[in-house]
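Contents: one structure, followed by commentary.
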Amino acid sequence: MSEVNREVVANLLSSALGRPVSPETDLSRDECAGWDSLKHVEFVFMLEERFGVLFPEETIPKLNSLDRVVSEVERLRAA
Amino acid sequence: MQHDLHIEGPAFTLRPVVLEDSERIVQLRSDADRTRYMHAVPNDVEAQRQWLRRYFERSGDYYFAVMRNRSTQIEGFVGIYDVREDEQGTFAEWGRWILRRESMAAAESAWLIFRLAFERLHLGRVFSRTLPENSAVVSFLDRCSPSDRRLVKDCVELQGITHDAVEHVLYAPDFPKLRAALEPLVVRLAQRLNSGAG
């Protein structure tokens, strides 16, 4: 499986949310007040551009934590 | 009220609510997770039908179903209501905004309801009230009305309990800038949704 740089994902999430995100912790949407629908879509588009992947529509709402995102990007890149 | 306002966006359409939507309204509003920050409705389709019959008789109240263009599936509902005038002009509250779990309609349905308010109803301003605990929606609306938000004390009653609410106001002169800011995201997301890509 192609390893995804977790720090890159955290930086993209930080950029979308407008706040620091540590790659060391698994920040989730539930515990982040500012992670709203608009920022989520923007984050998804950033991920797709950066990693050259296309998330299936049904996956997009499920990308709700750093761990889930890293895992899903790795899965798509390996496919 | 009975109305024929429609607005079609690139992936979703707002169309008038009809009596036959009662079941879908009850289905969505019976989901405790989706409605913990809204008024409760009885899990009773006939009661919802009666509510809609009273709504059809009420003026200044526009209730819409959020329909996915490609499938015609109803993703949720949203409304503009209590249209009235004051010294600043005509204004209304918007809300009753609920979408099915994992719906991708949030950005476009908000964009469309604002377009309806300002481009079709020609309102001077619209406001919404959101419980502070509903942080994702507060954050979303902060983006739409960054300069006009305030905390209103004890203004919303839910299930017998009075709550403070975050009020966001959007004025007609500010809407073109917001529309332009949201439109690229709405269009890009719609292209993905319509293509079935991924």
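Quick one: is residue A:72 over 21 Å from residue B:139 (Cα atoms), within 14 Å of chain B (Cβ to nearest Cβ) and of a type in the set (D, E, K, R)? For residue A:72, the condition - over 21 Å from residue B:139 (Cα atoms), within 14 Å of chain B (Cβ to nearest Cβ) and of a type in the set (D, E, K, R) - is met.
Can you pull out every residue in the stretch B:149-177 that is open to solvent by less than 60 Å² (accessible area, probe 1.4 Å), in a strand (DSSP E or B) and away from chain A (no Cβ under 14 Å)? Across the stretch B:149-177, the qualifying residues are B:152, B:155, B:156, B:158, B:163, B:164, B:165, B:167, B:169, B:170.
When we screen B:135, B:103 for residues that are farther than 19 Å from residue B:80 by Cβ, touching a residue at least 12 places away in the same chain (Cβ under 8 Å), at the interface with another protein chain (Cβ under 9 Å from one of its Cβ atoms) and open to solvent by 20 Å² or more (accessible area, probe 1.4 Å), the only hit is B:103.
With the structure loaded, tell me whether residue A:33 is within 24 Å of residue B:108 (Cα to Cα), in a helix (DSSP H, G or I) and of a type outside the set (Asp, Glu) or whether it fails that test. Considered against the rule, which asks whether it is within 24 Å of residue B:108 (Cα to Cα), in a helix (DSSP H, G or I) and of a type outside the set (Asp, Glu), residue A:33 comes out as no.
Criterion applied to A:33, A:16 was being among the small types (Gly, Ala, Ser), within 9 Å of chain B (Cβ to nearest Cβ) and surrounded by 14 or more Cβ atoms within 10 Å (Cβ to Cβ), and the one residue passing it is A:33.
Here is a yes/no grid of residues against (1) closer than 17 Å to residue B:185 by Cα; (2) not hydroxyl-bearing (Ser, Thr, Tyr):
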| position | (1), (2) |
| --- | --- |
| A:23 | no, yes |
| A:27 | no, yes |
| A:35 | yes, yes |
| A:39 | yes, yes |
| A:44 | yes, yes |
| A:71 | no, no |
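If we scan the stretch B:38-57, do we find a residue that is under 15 Å from the mean Cα position of the chain (by Cα) and at negative phi? So far as the stretch B:38-57 goes, yes, one or more of its residues are under 15 Å from the mean Cα position of the chain (by Cα) and at negative phi. Scanning the stretch A:36-63 for residues that are charged (D, E, K, R), facing chain B (nearest Cβ under 9 Å), open to solvent by 20 Å² or more (accessible area, probe 1.4 Å) and in a helix (DSSP H, G or I) turns up A:39, A:42, A:62. Given the options B:107, B:180, name the one that is small (Gly, Ala, Ser), under 21 Å from residue A:60 (Cα atoms) and not in a strand (DSSP E or B). Unique residue meeting the criteria: B:107. Here residue B:52 does not fit the description of being surrounded by 13 or more Cβ atoms within 10 Å (Cβ to Cβ) and under 30 Å from residue B:183 (Cβ atoms).
The values are calculated or read from the model by the stated rules, or taken from the named source; none is laboratory data. What you are looking at is a predicted structure, and each value in this text was computed from that prediction instead of being measured. As a convention, Cβ positions derive from the backbone with ideal geometry for all residues, glycine included, and neighbour counts pool all protein chains shown. The area values use the complete protein model at the heavy-atom level, side chains included, leaving out ligands, DNA and RNA. Shrake-Rupley method; radii C 1.70, N 1.55, O 1.52, S 1.80 Å.
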